[in-house]
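Single-structure report; data block below.
The values are calculated or read from the model by the stated rules, or taken from the named source; none is laboratory data. This one's a predicted model, so the numbers in the text were calculated from it and none came from an experiment. Cβ placement follows ideal geometry from the backbone for every residue including glycine, while neighbour counts extend to all protein chains displayed.
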Amino acid sequence: MAMRIAIGADHGGFQRKNELVPWLQAQGHEIFDLGARVFDPADDYPDITEFVARLVASGRAQRGIIICGSGVGACIAANKVPGVRACLCHDTYSAHQGVEHDDMTVLCLGARVVGTELTKELITTFLSARFSTEPQYRRRLGKVLALEAKALQGKPL
């Protein structure tokens, strides 16, 4: 199923992103390439991450992919945007289970950790997964959303 996908990378993931965009487009996905547009070793992952996360949170993109050197910084930054559930995945089990059980909306990847072919497998797995209709997963997601709402209201957790 074709999707609207927001993708971005800092200098650590710049080359990998540029390899993935045409691959994703060839599969029929609509791609929002949110940068970086040129290689800049001084760019900062939070800037690119914010662009991707906000597009996903707004609903304009159905899923997001963010690539930095390790994926860790991008994951931390993406989860600061309300409405985003981002996870760092370097294995296919987490890539599908994160969507199926936790409604993950943004996949974070480390270009210095996983190679191109594994990255493609992770993305394929992430994009093909759907959130489960089972009650325990919906209940747990409700609790996560309640935590986010409390934080947004400034209430103590």
Could you run through the range 39-76 and say how many residues are in contact with a strand residue (DSSP E or B) (Cβ under 8 Å, 6 or more places away or on another chain) and either among the aromatic types (Phe, Trp, Tyr) or at negative phi (or both)?
-> 22
Among (1) modelled with pLDDT of 95 or more; (2) assigned to a loop (DSSP other than H, G, I, E, B), where does residue 42 come up short?
-> (1)
Go through the range 16-60 residue by residue and tally those that are crowded, with 17+ Cβ neighbours inside 10 Å and of a type in the set (Gly, Ala, Ser).
-> 4
Give me the pairs, please: first residue somewhere in the range 80-103 and under 16 Å from residue 59 (Cβ atoms) and modelled with pLDDT of 95 or more, second residue anywhere and basic (Lys, Arg) and part of a loop (DSSP other than H, G, I, E, B), beta-carbon distance under 9 Å, and either six or more positions apart or on two chains.
-> 103/85
State whether the residues of the range 116-126 include one that is farther than 26 Å from residue 25 by Cα, free of Cβ contacts under 8 Å to residues at least 24 places away in the same chain and either within 13 Å of the chain's Cα centre (by Cα) or surrounded by fewer than 12 Cβ atoms within 10 Å (Cβ to Cβ) (or both).
-> no
Can you tell me which residues in the range 33-54 are out of contact with any helix residue (DSSP H, G or I) (no Cβ under 6 Å at 6 or more places or on another chain) and farther than 14 Å from residue 14 by Cα?
-> 50, 51, 52, 54
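Here is a yes/no grid of residues against (1) of a type in the set (A, V, I, L, M); (2) within 24 Å of residue 11 (Cα to Cα):
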| site | (1), (2) |
| --- | --- |
| 56 | yes, yes |
| 64 | no, yes |
| 76 | yes, yes |
| 100 | no, no |
| 105 | no, yes |
Residue hits (the range 143-157; closer than 14 Å to residue 85 by Cα and either exposed (fewer than 10 other Cβ atoms within 10 Å of the Cβ) or basic (Lys, Arg) (or both)) are 143
